[in-house]
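Asker: Below you will find the structure I want to go over with you.
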Amino acid sequence: MGISHSQKESILRYLVFKQIFCRICHAKRQLAQWKVQLVIDMLVVEQLVMVLIVIFFMVWDWSLRLVYLRIAGMT
């Protein structure tokens, strides 16, 4: 007593569906991880840009103070 042809087809269809479904689920998980990583990277870049802007304005302010002091003859 073996498995009938229709049962074999049914099992084969189930296995193919399961494999496709697993691949889709894995792809969705991978995409979600990439989105999270992209958001984290964007936040890091944003913070880095903010730090660079602050440093730029600090140096600019300091250089303007030196120029004003030289003009006033106080160096």
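Asker: Take the chain, connect every pair of alpha-carbon atoms lying under 10 Å apart with a spring to form a Gaussian network, then pick out the residue of Val49, Val39, Val59 with the largest mean-square fluctuation.
Answerer: Val59
Asker: Now for a different question. Assign unit charges at the C-beta atoms only (+1 for Lys and Arg, -1 for Asp and Glu), then state the dipole size of the chain relative to its Cα centre in Debye, rounded to the nearest 20. Before the final figure, lay out each step's value.
Answerer: Details: 9 positive and 4 negative charges, 90 e Å.
Charge dipole, the chain, about its Cα centre: 440 debye, nearest 20.
Asker: Here's another thing I want to ask about it. Regarding the chain, what is the average projected area of its C-alpha convex hull, in nm²?
Answerer: Values: hull surface 27.2 nm².
Quarter of the Cα hull surface area: 6.8 nm².
Asker: Could you work out [θ]222 nm for the chain from helices alone, using -39500 (n - 2.57) per DSSP H run of at least four and dividing by all its residues? Round to the nearest 500 deg cm²/dmol. Walk me through the intermediate numbers first.
Answerer: On the way: 1 runs with 68 residues, N = 75.
Helix-only estimate at 222 nm: -34500 deg cm²/dmol.
Asker: Compute the long axis of helix 5-72 from its Cα atoms, compare it with the longest principal axis of the Cα atoms of the chain, and write down the angle in degrees, 0 to 90, nearest 10.
Answerer: The angle comes out at about 0 degrees.
Asker: While we're here: Want the number for Ile53 to Cys25: 0.36 nm per residue separation, take away the alpha-carbon distance, what's left?
Answerer: 5.9 nm
Taken together, the values in this text are just the output of simple stated rules run on the coordinates, not laboratory data. This is a predicted model, so every value here is computed, not measured. Here Cβ is always computed from backbone atoms with ideal geometry, including for glycine, and neighbour counts include all displayed protein chains.
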